[in-house]
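What follows draws every value from the coordinates through simple rules; no lab data is involved. It should be emphasised that the depicted structure is a prediction, and the values quoted were computed from it without experimental measurement. No Cβ is skipped: glycine too gets one built from the backbone with ideal geometry, and neighbour counts run over all protein chains shown.
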Amino acid sequence: MRLLRTLLLVICLFGLAAAPALAQNYYAYVASESADEVALVRFNADNESMIVEETIRVGYIAPETEGAHGMTVAPDGEHWFVSIAHGKPYGRVAKYETGTNTKIDTAHVGMFPATMEISAATGLLHVANFNLHGEMEPSTVSVVDPEAMTEVDKIETGLMPHGSRFAPDGRTHYSVGMMDGTLYEIDAVTRRVTRSLTTGEGTPKPTWADPHPSDPFVYVPHNGGDEVVEVHREQWDITRRFDTGDGTKPYNLEVSPDGSTLVVSYKGTGETGIWDLETGERTARLSNSQSVTHGVVISPDSRYAFVSAEGVGGEPGAVDVFDLRSNERVASVEVGPQAGGIAFWKTEETPTSAR
C-alpha cells in the first residue's frame, strides 16, 4: 500500500511538472485609415508584450485611399466588420471571418460611414454615416442585415452622426450629432428616433456615446468642450460633468464591463484618461505612444484598455495597452498610419511556449 501511494504521488508530481504554463492572450482588430488596412494585434499579459499577428488589406480601388475607419466584432465573435468611408457615390461596410480574416461580403450604406455596432436584440448592424460630403445637412444611421449584408433602413438623426452604441439589452441605440451638439436615442425595434437631448452650449462637438453596462447612464465626450457628460437615460438629463482639462479634446470613450471605470481618449494631448465612476474622480492621465489618440476598447475582464493612436503625417499608428489595476501603459505596437477604429475580439489561454 505504501508503495502504491508513493507511485501515485510520483505520477501526480510528474503530471504537474509536465503541465505547460498558460499565458493569457488578448486579441483586437484596429483599422488604419490612411493605409486601408486592418491589423489583428495580440497582447500577451504574461510578459506584457504585443505583436501584430496579421495585417489585412481592406481597400479595393488601388490608386485611392478609401478610409478604413470604424470596427466592430459580431457578438458571437465569428465575424468582424470595417466601415470604408469613401465610395462611388456612397461608403460601404465589409464583413470578414475572424481567424481566417477572409472577406465574406460588402454592403453599401450612407456617406462616410464611421462607428457601428450590432444589436443584441435584433441582430442588425447600425452604422453612423458621418457625411463629410457637400453641404452640412442631417445625416443618417444605416441599419444593415449582417447575414445578407443588405441595408434595410436609414434613420435620419443629426449633423455628422458618430458613436453608434447600444444599451445592454440591445433595444435602444445611442449616437450623437457632432455638429448639432445632440444625443439621439433610437428604438432598435421600431427603428425610429424616440428622443434627443442637447448636451452642451456653444460648440460642444460630441463625438461618442457609450451606455453604462448596468446603470441607466450614457456617457458623451465633448471634443469641443474638454469634458465628458453623464446623461441619465430614464430622467433624460445631464447628471454629472467630468472636466478632462484644457486642450484634451476627449474623443472616444468606453465604460468597463464591470461598470467601475471610464476610459477616455484625449485626442488633443495624445493621452488617455482613466476615471473612477463611483467617485467621479480621474485616477490617471497617461501618455500614449503617438501624439493623436483615437479609439478605446476594454477587455471583457475589465483589466486592460486598448487605445489606438493615429500618429501625425507619415508616422505609423499604434495600439497601446493600459493596465486598469496599476494605471500604467504596459505595452505598445506599431500599426498602419492613422489608426482609428478598434474592436476587441477574444481572450485565449495558450501554452507559454507559443508566445
Once you have the Cα-Cα distance between A121 and E201, take 0.36 nm times their residue separation minus that, and quote the gain in nm to one decimal.
-> 25.4 nm
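Given a Förster radius of 45 Å and the C-beta distance between T347 and R241 as r, what FRET efficiency does 1/(1 + (r/R0)^6) yield to the nearest 0.05?
0.85
Could you give the length gained by full extension between D76 and T106, i.e. 0.36 nm per residue of separation minus their alpha carbon distance, to one decimal place?
Details: separation 30, 0.36 × 30 = 10.80 nm, distance 1.93 nm.
Answer, rounded to one decimal: 8.9 nm.
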Count neighbours as other Cβ atoms within 10 Å of each site's Cβ, and list the GluC sites (Glu not before Pro) in region 256-355 that are DSSP loop with at most 11 such neighbours.
-> E278
Where the Cα pairs of region 121-245 fall when distances are cut into 5 Å bins, in % = 2, 12, 22, 24, 19, 12, 6, 2, 0
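Pop the C-beta distance of N47 and D187 into the FRET formula with R0 = 56 Å and round what comes out to the nearest 0.05.
Details: r = 47 Å, r/R0 = 0.83.
With a Förster radius of 56 Å, E is 0.75.
How high is the relative contact order of the chain, in percent, with contacts defined as C-alpha pairs under 8 Å that are six or more residues apart? Intermediate values should be presented prior to the final figure.
Values: 1061 pairs, mean separation 48.3, N = 355.
That works out to 14 percent.
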Estimated distance in nm for a label pair at R282 and S260, the labels positioned 7 Å out from Cα along Cα-to-Cβ | 2.1 nm
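Where does the charge balance sit around S83 when Lys and Arg score +1, Asp and Glu -1, over other residues with C-beta under 13 Å from its C-beta?
Working: positive: R92, K95; negative: E33, D36, E66, E117, E151.
That works out to -3.
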Any idea how far apart V312 and R325 come out in nm if each label point goes 7 Å out from Cα toward Cβ?
-> 3.6 nm
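Computed over the Cα atoms, what is the radius of gyration of the chain divided by 2.2 N^0.38 Å, N being its residue count? Walk me through the intermediate numbers first.
Details: Rg = 21.4 Å, N = 355, 2.2 N^0.38 = 20.5 Å.
Its radius of gyration relative to the 2.2 N^0.38 Å reference: 1.04.
Taking the convex hull of the alpha carbon atoms in region 275-355, what volume per residue do you get, in Å³? Write down the numbers at each step before the final one.
Details: hull volume 9.3 nm³, N = 81.
It is 115 Å³ per residue.
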Grab the chain and count how many Lys pairs have their alpha-carbon atoms under 29 Å apart, sequence gap of 8 or more, or different chains.
-> 14
By average Cβ neighbour count within 10 Å, what is the ranking of 38-51, 92-105 from highest down?
-> 38-51, 92-105
Please determine, in degrees from 0 to 90 and to the nearest 10, the orientation of helix 2-18 with respect to the longest principal axis defined by the Cα atoms of the chain, where the helix direction is its Cα long axis.
-> 40 degrees
What does the charge dipole of the chain about its Cα centre add up to, to the nearest 20 debye, if the Cβ of each Lys and Arg holds +1 and the Cβ of each Asp and Glu holds -1?
-> 700 debye
How much FRET efficiency would the formula 1/(1 + (r/R0)^6) give for Q24 and T55, where r is the Cβ-Cβ distance and R0 is 30 Å, rounded to 0.05?
-> 0.80
Using θ = phi - 60° and the Karplus curve 6.51 cos²θ - 1.76 cosθ + 1.60, what whole-Hz ³J(HN,Hα) does each residue of region 317-324 get, with Gly and Pro shown as x?
-> x, 7, 10, 10, 10, 10, 7, 7
